[in-house]
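The values are calculated or read from the model by the stated rules, or taken from the named source; none is laboratory data. Everything numeric in this text was worked out from a predicted model, so none of it was measured. Cβ placement follows ideal geometry from the backbone for every residue including glycine, while neighbour counts extend to all protein chains displayed.
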Amino acid sequence: MTDLQQHAKAKAEEFVRQVTADPRWHIEDELMCQVFAFTLYGYVLGIGRVHCFMDTEDIHAIVVDQLVGLGIGRTYAAGLVVTAHQEFTAENNQSMQNQLIGVGHSHALAENMKALVDSVFSNTESLRQPATLPPSSRPWWKFWSR
């Protein structure tokens, strides 16, 4: 492993350490793990591509290894990474997964990880809230029931 690859791995380990040390972290919470995985992918992608000039496969390996280190199954972790890569490379993609990747990517070169760590928990909670639909998008029968 080159020095730059080692740097990317160390940054990923630090992010994982800060998130999992937070009392809000629950490995049993599947939604939280998914939010974290997509955010981690974006973070490592940003460091790996922009700062360390790493190949995509090496970036994927770092992310999968970090997730497996938390107790997430290797097959599941690899599937999350494949999905993250597909989401990131799709043109004009505004999916929630791609937005989470963007959050991680935008913090890749920041020294302070507090905002990034907090984003994992705030985004998880935001996704738990039911989406509010404008009145015009409600089913027609909902207009008469009050």
Residue that is farther than 18 Å from Lys9 by Cβ, of a type in the set (A, V, I, L, M, F, W, C) and more than 13 Å from the chain's Cα centre (by Cα), where the choices are Ala78, Ala90: Ala90
Criterion violated by Gln66 - all others in (1) buried (at least 18 other Cβ atoms within 10 Å of the Cβ); (2) touching a residue at least 60 places away in the same chain (Cβ under 8 Å) satisfied: (2)
Residue identified as touching a residue at least 24 places away in the same chain (Cβ under 8 Å), of a type in the set (Ser, Thr, Tyr) and either farther than 19 Å from Asp29 by Cβ or touching a Lys or Arg at 6+ places or on another chain (Cβ under 7 Å) (or both) among Thr89, Thr75, Thr56, Thr39: Thr56
Residues satisfying the stated conditions in the stretch 21-33, i.e. in a helix (DSSP H, G or I) and in contact (Cβ under 8 Å) with a residue 60 or more places away in the chain: Leu31, Met32
Selection count, the stretch 41-73, where residues are in contact with a helix residue (DSSP H, G or I) (Cβ under 6 Å, 6 or more places away or on another chain) and under 20 Å from Leu100 (Cβ atoms): 16
Residue check for Val16: surrounded by 14 or more Cβ atoms within 10 Å (Cβ to Cβ) and over 18 Å from Asn123 (Cα atoms): no
Some residue of the stretch 99-115 being within 23 Å of Arg17 (Cα to Cα), among the basic types (Lys, Arg) and surrounded by fewer than 18 Cβ atoms within 10 Å (Cβ to Cβ): yes
Lone unmet requirement of (1) surrounded by 13 or more Cβ atoms within 10 Å (Cβ to Cβ); (2) over 22 Å from Leu4 (Cα atoms); (3) at pLDDT 95 or above for Pro23: (1)
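What number of residues in the stretch 49-80 are at pLDDT 95 or above, assigned to a helix (DSSP H, G or I) and charged (D, E, K, R)?
Matching residues across the stretch 49-80 total 4.
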